[in-house]
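Undergrad: Take this structure, written in structure tokens, and hold onto it; I'll ask about it next.
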Amino acid sequence: MASARPTSRDAAPRRSGVSVATLIAFVLVALLAGSAFGCTVLSRLGSGGGSILSSGVYSLSEGDLDKAVATYVIDGKRHEITYRDAILENGSLSAVQNADGSYRVPSADSVLAAARSQVIAAEAERLGITADDAEVDAYALATFGTTDLSTIATAYGMESDAAAVLLREAALMSQLRDQALQADAGEAPEAPAEPGEGEEVTMTEEYASYILALAGDEWDSEAGTWVSTDGPFASALADYEITATGATYEAARQAYYVAYQRHVAALSEYSAQWTDYVNKLLGNASIEISTLAI
């Protein structure tokens, strides 16, 4: 009898409990976490937590939102980041509005995220990369499953204008990654089709074709067997009967698990290359986070 193995449910990506606002921020800046740029700036802020302010002021009026909270210099040019920029980078104004109508001060991480996004977007534009409406729609559809901006904004707890800016930045960043990196993580594998009731152990040509397509050159089509018994797929499927014309759903599900692990490893390598690229880019920038003057 085959030993207990992880199922496709175990292998497949799951929805986490994180908020959707956090997820959209992840889409934009997750691969930037831990950059030398961020660590350097945070070290200047000291160990007093995430507050930007040293004046003891922790709320903003409507008129404060467009004041500069930070400036960054890159290629000799100085740019400002406003409180509004920092807030909208990670959500909506309404989400940080207090009962008295004032706004909570954004964290240092939010300011850094805004700076990172602006620097990377500027680099993409410098290289002639653009994100027109069609490209933004394509990115939104691939990432969120819809091109309807109001639907995305509502689901993510954001104003439509803020969501539009973030989507365009993300589309630019995606194209910059594609142009800058040599590696390609590829697409995640599709799970095998579910069998009919009671047919989990029925051998079919459909599942055999599915497995052999995932296994690629690990399978010797002329000999009708594995090229080597210690390959990833051969090892994982050692307890299952596999032929060119027959395999079970359980075997196909295990092959999916192996392919998904391989995809995760490719994503990790892709992420590492992107982080290195971004660190070099942001290493040319310097940032100063100021206090609020009221």
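Undergrad: Need pairs with beta-carbon distance below 7 Å; first residue under 20 Å from Glu169 (Cβ atoms) and within segment 81-101, second of a type in the set (Gly, Ala, Ser) and open to solvent by 30 Å² or more (accessible area, probe 1.4 Å); sequence gap 6+ or separate chains.
TA: Going by the 7 Å Cβ cut-off, the qualifying pairs are Ile81/Ala68; Thr82/Ala68; Gly91/Gly157; Ser92/Gly157; Ala95/Gly157.
Undergrad: Restricting the search to segment 263-280, which residues are open to solvent by 20 Å² or more (accessible area, probe 1.4 Å) and of a type in the set (A, V, I, L, M)?
TA: Residues satisfying the conditions are Val264, Ala265, Ala266, Leu267, Ala272.
Undergrad: I'd like to check something: does segment 251-264 contain any residue that is out of contact with any helix residue (DSSP H, G or I) (no Cβ under 9 Å at 6 or more places or on another chain) and either more than 30 Å from Ser61 (Cα to Cα) or assigned to a helix (DSSP H, G or I) (or both)?
TA: Start the filter on segment 251-264 by keeping residues that are out of contact with any helix residue (DSSP H, G or I) (no Cβ under 9 Å at 6 or more places or on another chain), which leaves 263-264.
Those left that are additionally either more than 30 Å from Ser61 (Cα to Cα) or assigned to a helix (DSSP H, G or I) (or both): 263-264.
Within segment 251-264 (the criterion being out of contact with any helix residue (DSSP H, G or I) (no Cβ under 9 Å at 6 or more places or on another chain) and either more than 30 Å from Ser61 (Cα to Cα) or assigned to a helix (DSSP H, G or I) (or both)), the answer is yes, since at least one residue qualifies.
Undergrad: Enumerate the pairs (first residue in segment 257-268 and closer than 14 Å to Tyr210 by Cα; second residue anywhere and at pLDDT below 90 and of a type in the set (Ser, Thr, Tyr)) with beta-carbon separation below 7 Å, excluding pairs fewer than 6 apart on the same chain, so at least 6 apart or on different chains.
TA: Correct list of pairs: Tyr257/Ser8.
Undergrad: While we're here: Count, please, the residues in segment 94-137 that happen to be aliphatic (A, V, I, L, M) and touching an Asp or Glu at 6+ places or on another chain (Cβ under 7 Å). Step through it out loud before you land on a result.
TA: Within segment 94-137, the first condition is being aliphatic (A, V, I, L, M), and the residues that meet it are 95-96, 99, 105, 108, 111-115, 119-122, 124, 127, 129, 131, 134, 136.
This time we only want the ones that are touching an Asp or Glu at 6+ places or on another chain (Cβ under 7 Å), so: 113-114, 121.
Qualifying residue count for the region: 3.
Undergrad: Now for a separate question. Just wondering, is there one or more residues in segment 244-262 that are open to solvent by 20 Å² or more (accessible area, probe 1.4 Å), hydrophobic (A, V, I, L, M, F, W, C) and over 30 Å from Ser174 (Cβ atoms)?
TA: Yes: one or more hits.
Undergrad: Let me ask another. I'd like to verify a number: residues in segment 83-107 that are within 12 Å of Ile289 (Cβ to Cβ) and of a type in the set (Ser, Thr, Tyr), how many?
TA: 2
Undergrad: Could you pull out the residue among Ser110, Ser174, Ser117, Ser150 that is out of contact with any Lys or Arg (no Cβ under 6 Å at 6 or more places or on another chain), in a helix (DSSP H, G or I), in contact (Cβ under 8 Å) with a residue 12 or more places away in the chain and more than 26 Å from Ile289 (Cβ to Cβ)? Can you show your working first?
TA: On the way: Ser110 fails: more than 26 Å from Ile289 (Cβ to Cβ); Ser117 fails: more than 26 Å from Ile289 (Cβ to Cβ); Ser150 fails: in contact (Cβ under 8 Å) with a residue 12 or more places away in the chain.
None of the others qualify; the one that does is Ser174.
Listed here are the residues, each with its yes/no results for (1) polar (S, T, N, Q); (2) in contact with a strand residue (DSSP E or B) (Cβ under 9 Å, 6 or more places away or on another chain); (3) open to solvent by 30 Å² or more (accessible area, probe 1.4 Å).
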| position | (1), (2), (3) |
| --- | --- |
| Gly76 | no, no, yes |
| Ile81 | no, yes, no |
| Ile87 | no, yes, no |
| Asp100 | no, yes, yes |
| Val111 | no, yes, no |
| Ser117 | yes, no, no |
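Undergrad: Taking segment 158-180 on its own, how many of its residues are surrounded by fewer than 16 Cβ atoms within 10 Å (Cβ to Cβ) and touching a helix residue (DSSP H, G or I) at 6+ places or on another chain (Cβ under 9 Å)?
TA: In the first step, residues of segment 158-180 are kept if they are surrounded by fewer than 16 Cβ atoms within 10 Å (Cβ to Cβ); the result is 160-161, 178-179.
Now restrict to residues that are touching a helix residue (DSSP H, G or I) at 6+ places or on another chain (Cβ under 9 Å): 160-161, 179.
Result for segment 158-180: 3.
Undergrad: For the list (1) in a helix (DSSP H, G or I); (2) under 30 Å from Asn284 (Cα atoms), I need the number of the one condition that Asp184 fails.
TA: That leaves (1) as the condition not met.
Undergrad: Any residue at all in segment 224-235 that is out of contact with any strand residue (DSSP E or B) (no Cβ under 8 Å at 6 or more places or on another chain), more than 30 Å from Tyr103 (Cα to Cα), open to solvent by 20 Å² or more (accessible area, probe 1.4 Å) and of a type in the set (Phe, Trp, Tyr)? Outline the logic, then answer.
TA: Within segment 224-235, the subset out of contact with any strand residue (DSSP E or B) (no Cβ under 8 Å at 6 or more places or on another chain) is 224, 228-232, 235.
Among the residues that remain, those that are also more than 30 Å from Tyr103 (Cα to Cα) are: 224, 228-232, 235.
Still in the running and open to solvent by 20 Å² or more (accessible area, probe 1.4 Å): 224, 228-230, 232, 235.
The next check asks that each one be of a type in the set (Phe, Trp, Tyr); those that pass are none.
No, segment 224-235 contains no residue that is out of contact with any strand residue (DSSP E or B) (no Cβ under 8 Å at 6 or more places or on another chain), more than 30 Å from Tyr103 (Cα to Cα), open to solvent by 20 Å² or more (accessible area, probe 1.4 Å) and of a type in the set (Phe, Trp, Tyr).
The values are calculated or read from the model by the stated rules, or taken from the named source; none is laboratory data. On a predicted model such as this, the values are computed, not experimentally measured, just so you know. Ideal geometry is used to build each Cβ from the backbone, glycine not excepted, and the neighbour counts take in all protein chains shown. Accessible surface areas use protein heavy atoms only, side chains included; no ligands, DNA or RNA. Shrake-Rupley method; radii C 1.70, N 1.55, O 1.52, S 1.80 Å.
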